[in-house]
Amino acid sequence: MSKEFDVVVIGAGPGGYIAAIRAAQLGKSVACIESWKNPAGNLKLGGTCLNVGCIPSKALLASSEEFENVSHHLADHGINVGDVKLDIAKMLARKDGIVEKMTKGIEFLFRKNKITWLKGHGKFTGKTDAGVQIEVSGEVETETETVTAKNVIIATGSKARHLSGIPVDNKIVADNEGALTFDSVPKKLAVIGAGVIGLELGSVWRRLGADVTVLEALPAFLGACDESLAKEAAKQFKKQGLDIHLGVKIGEVKTTDSSVSVAYRDKDGNAQTLDADRLIVSIGRVPNTDNLGLEAIGLKTDERGFVPVDDHCATSVPNVYAIGDVVRGPMLAHKAEDEGVLVAEIIDGQKPHIDYNCIPWVIYTEPEIAWVGKTEQQLKAEGREIKTGQFPMMANGRALGIGKTDGFVKMITDAKIDELLGCHIIAANASDLIAEAVVAMEFKAASEDIGRICHPHPSLSEVMREAALAVDKRALNM
């Protein structure tokens, strides 16, 4: 007789493990299936985000920022240092230590909430009166077991999209995983893709000494951003030394044991060649929906590999849900987490809701880029009457004190009722500042509401207030 659970979650990334914890908090018997292994061959919870994505990349971003500050900016504070030496092995070990601490933390939370970790690959095999049947297979055939779930949450995440004909060995040609483990700083680094991952990882290795060239197929830079943010970001990245080429068409990529050569056509159609020591391919991600046995329960993916769901993450099969990177919407860890909570509460009979317009986006470059809501261009295309307010970081005392004066905060409101429709930030700590705008939008606040709230002085958060006041042309410090 197979084990039976109220809820079985397939995948233990941010969406999956949070869904499992919330379901357990609500008194359900819960199991979570996960087969991911680290390079040492050890099974780990946390998925791509924790193991080879968000968390390790932010650790390296922080380390590289420290290196750049010591190398180039401490003298501005009257602090002179001698020769700065980079210990790349220790830097990577610090990153790995943070990941290990967090994966152990999820294991603790599973034990605390009495969640069963089923170690292996989950695959649907059919349905019975008792529920959905899922086969969990380990490394050998004898480890296979079948469990029954009254409710299933598919949270299998995504993987890096690779270019056809360009094999990724994660040594010379790397995706996001390999780019986190380079054992030396490449003298010349090529990056295909000027999206979030390409810019973040390109920034890491540029700060550590690499000459970085980014090739982007799209004609516009950061097309999802408000145009004012994209323009400012392009200016800042160029000043930092990132060489970004737009509108290119990638041709043949040749590799040797120690180098790579990328043939491409530039925006004018001219043939070019980029020679580098390493190449990072960062052209987006694709959902992990292969080998799930979806057909066994009457499910199939769309043409892009996503599991179709409704506004509440329910599939066409009763009691089967899907969340995170395997469904429509942005591939963001915090979006997956919110969907995990949503589904767990729906299974419990509650009626939760997610406003997808209030999900923030962040790019962890320097300066950071963050936004929530719609861009000025989107709102104008919709015919909305809007007002905007913008305030520069260079007029903020705290920004001057910490030497982070690049960028600005921009707020967009409805011209008639002043409701906040979007907030767009390029600044130090933008990932933290954006949370105030998310709260404001969730409560349908007006720019005047933010403008009347007392903000601590001196702080970067004052720029949020000033941008809100600027909507009515009454910023106090400009």
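Annotations for the structure displayed:
- A 1.4 Å probe over all protein chains sorts Glu366, Glu177 by accessible area into Glu177, Glu366, starting with the largest.
- Nearest-10 value in Å² for the accessible area of Met331, using the 1.4 Å probe: 60
- Global form of the stretch 1-93, assessed from the alpha-carbon gyration tensor, a/c cut-off 1.5: prolate
- Summarising the label geometry, the points placed 7 Å from Cα in the beta-carbon direction at Thr255 and Ala217 lie 1.9 nm from one another.
- With θ taken as phi - 60° and the Karplus curve 6.51 cos²θ - 1.76 cosθ + 1.60 applied, the whole-hertz 3J(HN,Hα) list for the stretch 120-132 is x, 9, x, 8, 5, 10, x, 10, 10, 4, 7, x, 8 Hz, x standing for glycine and proline.
- Taking amide H as placed 1.01 Å from N in the peptide plane, the amide H of Asn151 sits under 5 Å from that of Val7, Val8, each at least 5 places away or on another chain.
- Kirkwood radius, the stretch 178-257, all distinct C-alpha pairs, inverse of mean reciprocal distance: 13.4 Å.
- Only Cα sites of the stretch 334-478 enter the Debye sum here, all with the same form factor; the resulting log10 I(q)/I(0) across q = 0.18 1/Å is -1.00, listed in q order.
- Between the stretch 209-281 and the stretch 363-439, the C-alpha centres lie 27 angstrom from each other.
- A protection proxy built from the mean count of other Cβ atoms within 10 Å ranks the segments 78-84, 432-438, most packed first, as 432-438, 78-84.
- Karplus (6.51, -1.76, 1.60) ³J(HN,Hα), θ = phi - 60°, over the stretch 355-363, in Hz, Gly and Pro reported as x: 9, 5, 6, 9, 8, x, 10, 9, 10
- Positive-end residue, the chain charge dipole about Cα centroid, Cβ charges, pick of Thr125, Asn69, Val438: Asn69
- Using heavy atoms of the protein chains and a probe of 1.4 Å, the accessible area assigned to Asp311 is about 120 Å².
- Shape call, the chain: gyration tensor on alpha carbons, a/c limit 1.5: oblate
- Taking other residues whose beta carbon is less than 13 angstrom from the beta carbon of Thr148, and scoring Lys, Arg as +1 and Asp, Glu as -1, yields -2.
- Backbone amide hydrogens, once placed in the peptide plane, bring Lys188 within less than 5 Å of Asp211, Asp277, Arg278, excluding anything fewer than 5 places away on its chain.
- Of all DSSP beta bridges in the chain, antiparallel share, percent nearest 5: 60
- Of all lysines in the structure, the ones whose alpha carbon falls short of 19 Å from that of Lys335, not counting any fewer than 8 places away in one chain, are Lys58, Lys159, Lys351, Lys374.
- A cut-off under 10 angstrom between Cβ atoms defines the neighbours of Ser431, and their net charge, with Lys, Arg +1 and Asp, Glu -1, is -1.
- Shape box of the stretch 263-305 [Cα atoms, principal axes, largest first, Å]: 51, 26, 11
- Phi angles of the stretch 328-337 translate, via the Karplus equation with coefficients 6.51, -1.76, 1.60 and θ = phi - 60°, into HN-Hα couplings of 4, x, x, 7, 10, 4, 6, 5, 4, 4 Hz per residue; Gly and Pro are given as x.
- Rolling a 1.4 Å probe across all protein chains gives Ser2 an accessible area of roughly 30 Å².
- Computed [θ] at 222 nm, deg cm²/dmol, the chain (DSSP H ≥ 4; -39,500 (n - 2.57); rounded to nearest 500): -9000 deg cm²/dmol
- Surrounding net charge for Ile354, when Lys and Arg each add one and Asp and Glu each subtract one, Cβ distance under 10 Å: -3
- Database remark: amide H of Ile359 closer than 5 angstrom to the amide H of Gly373 (H placed geometrically; neighbours at sequence offset of 5 or more, or on other chains; Pro and chain starts carry no H).
- Number of Lys pairs (Cα under 17 Å; 8 or more positions apart or on different chains) in the stretch 178-303: 4
- Spin-label model, Glu382/Gln272: points 7 Å from Cα along the beta carbon direction are separated by 3.7 nm.
The values are calculated or read from the model by the stated rules, or taken from the named source; none is laboratory data. Model, not experiment: these values are computed from the prediction. Methodologically, a virtual Cβ is constructed for each residue, glycine included, from the backbone with ideal geometry; neighbour enumeration extends over all protein chains shown. These accessible areas exclude ligands, DNA and RNA; they are computed on the full protein's heavy atoms, side chains included. Shrake-Rupley method; radii C 1.70, N 1.55, O 1.52, S 1.80 Å.
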